[in-house]
1. Report the relative contact order of the range 215-336, percent, no decimals, based on alpha-carbon pairs under 8 angstrom and at least 6 residues apart.
2. Count neighbours as other Cβ atoms within 10 Å of each site's Cβ, and list the trypsin sites (Lys or Arg not before Pro) in the range 242-305 that are DSSP loop with at most 14 such neighbours.
3. In a shell of Cβ-Cβ distance under 12 Å around ASP383, excluding ASP383 itself, what net charge do Lys and Arg (+1) and Asp and Glu (-1) give?
4. In the neighborhood of LEU163, defined by Cβ-to-Cβ distances under 11 Å, what is the net charge if each Lys or Arg adds +1 and each Asp or Glu adds -1?
5. Calculate how steeply helix 12-23 sits against the longest principal axis of the alpha-carbon atoms of the chain, using the helix alpha-carbon long axis, and give the answer as 0 to 90 degrees to the nearest 10.
6. To the nearest 10 degrees, how steeply does helix 129-140 sit against the main Cα axis of the chain, on a 0 to 90 scale?
7. Please identify the trypsin sites (Lys or Arg not before Pro) of the range 320-410 that satisfy two criteria: DSSP loop assignment and at most 15 other Cβ atoms within 10 Å. Which are they?
8. Give the relative contact order (percent, whole number) for the chain; include only Cα pairs under 8 Å separated by 6+ residues.
Amino acid sequence: MTVRLSVIGTGYLGATHAACMAELGFDVIGLDVVPEKVELLNSGKVPFYEPELDEVLERNIKAGRLRFTTSFQEAAEFGDVHFICVGTPQQSGSYAADMSQVFGSVRSLAPHLKSGDLVVGKSTVPVGTATQIAHELSQSAPGVDIAWNPEFLREGFAVEDTLNPDRLVIGVRSHEGEAKLREVYAPLIAKDIPFLVTDFPTAELVKVAANSFLATKISFINAMAEVCEAAGADVVQLAEAIGYDTRIGNRFLAAGLGFGGGCLPKDIRAFMARAGELGAEEALTFLREVDQINLRRRSHTVDLVTKELGASVRDKNICVLGATFKPDSDDVRDSPSLDVAVALANAGANVIVHDPKGTVNAERVYPTMKYSTDVAAAAVDADLILHGTEWAEYREIDPAELGKIVRTKNVIDARNKLDVKLWRDAGWNIRALGRPTA
Ligand code: UGA
């Protein structure tokens, strides 16, 4: 392979992109500003939990195709194509995205870039960012081209989604930029993965439009769950039934505690903020409702727990199953389950949170909460079990066995993944969100 790649930022997106591009045969250098992360990555270890990524990373470091650095100069001089994969979190006190890492990394790279290099944005950004970067680079790094190539990977499936994406989207303004990205993605294009070439704003918008659609789908089914609860209907059956219509589809219709994580919540808010700046605020007012429905799932669950335990949770023992925002991840950013656990603890309950992978990260954010990596230890003397994140191992729990160690056999399935009949037959009072009470 002739093109050499640099990947700026080694979070879920950057570390996965760097390792997977090396897996495709490219020589890759990854950059992060945190020296401890770089050291860990260079030793073949992933600083977060992501299935399959360890093996891909280790294999490619050993093969000499992949290494990591903290030096922008080294990364800029090594690569011909530079992928920007840094975070764009929500600004505190505003819906808008904090763009300091994106502009900071481009500015740090610029003085070391070579004429003919291509900078490729992969971070999720407000529409208009690529044009702004192009303008900056035309002054600070003449002869350097730019493209926008949004990433659609899901945590928990990051390697699979990078090596077998549903589609590739590139926003370009030159034939050279397109040709270079066709070369980078040639192994995927050869597998007939759709390759869409657009302008900058369209590529930027594809990403936030996709995440907004997914968030809307989840909030739609959660709104139906609210109505089902009021009417005594079953949202799980309703979702299955509407999902058979291929125009609707059955994916992303799992009603429950709603969406969290580092992407969907902040992306829909940043999208609303950007639309406002563009004078198109009205077009996205529905996303405010999507956000509200989603947040209401959390307060509704707190209310349900409180109701199940009498009028108050004070001094009640509550075991929360799941700290991460979804299974197969150790990411606790904006985790619905952890949010509910914190609300219950703040209301005076004795809460223990169990998670197979997320307790270390959860402890960093909420150090005063009690955590356990053993379900039985977390459930001893519980007055109520709350199933908040659908890790597969929770479906393996034997309700009869668990029933022997709790104080009261109360369970709330906030993810609609437990076998209601099995738990009921074992003598549990089970409530599932959006499903009939008995
Ligand atoms: C999401 C998108 O799915 C990716 O395509 C996108 O690349 C990524 O954001 C990003 O912008 O980087 P991710 O945040 O990893 O990926 O998680 P999802 O699998 O989308 O789940 C998001 C949340 O929705 C989770 O809390 C999950 O529990 C919840 N969810 C998902 C539901 O409540 N119901 C569903 O039916 C599906």
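Since every read-out is calculated from the coordinates, none of them should be taken as a lab result. Predicted model, so just to flag it, every value in this text is computed and none were measured. Glycine gets a Cβ as well: all are built from the backbone with ideal geometry, and neighbour counts include every protein chain shown.
1. On the way: 122 pairs, mean separation 34.5, N = 122.
The value is 28 percent.
2. Numbers: sites: ARG247, ARG251, LYS266, ARG269, ARG274, ARG288, ARG296, ARG297, ARG298; in loops: ARG247, ARG251.
For trypsin sites (Lys or Arg not before Pro) across the range 242-305 that sit outside H, G, I, E and B with at most 14 neighbouring Cβ atoms in 10 Å, the list reads ARG247, ARG251.
3. Values: positive: ARG314, LYS316, ARG407, LYS409; negative: GLU308, ASP315, ASP381.
Result for the neighbourhood of ASP383: +1.
4. Numbers: positive: LYS191; negative: GLU23, GLU52, GLU160, ASP161.
Its environment carries a net charge of -3.
5. With both axes taken from Cα atoms, the answer is about 50 degrees.
6. 30
7. Values: sites: ARG333, LYS357, ARG364, LYS370, ARG395, LYS404, ARG407, LYS409; in loops: ARG333, LYS357, LYS404, ARG407, LYS409.
Here the trypsin sites (Lys or Arg not before Pro) that fit, given the DSSP loop and packing criteria, are LYS404, ARG407.
8. Working: 900 pairs, mean separation 50.8, N = 438.
This gives 12 percent for the chain.
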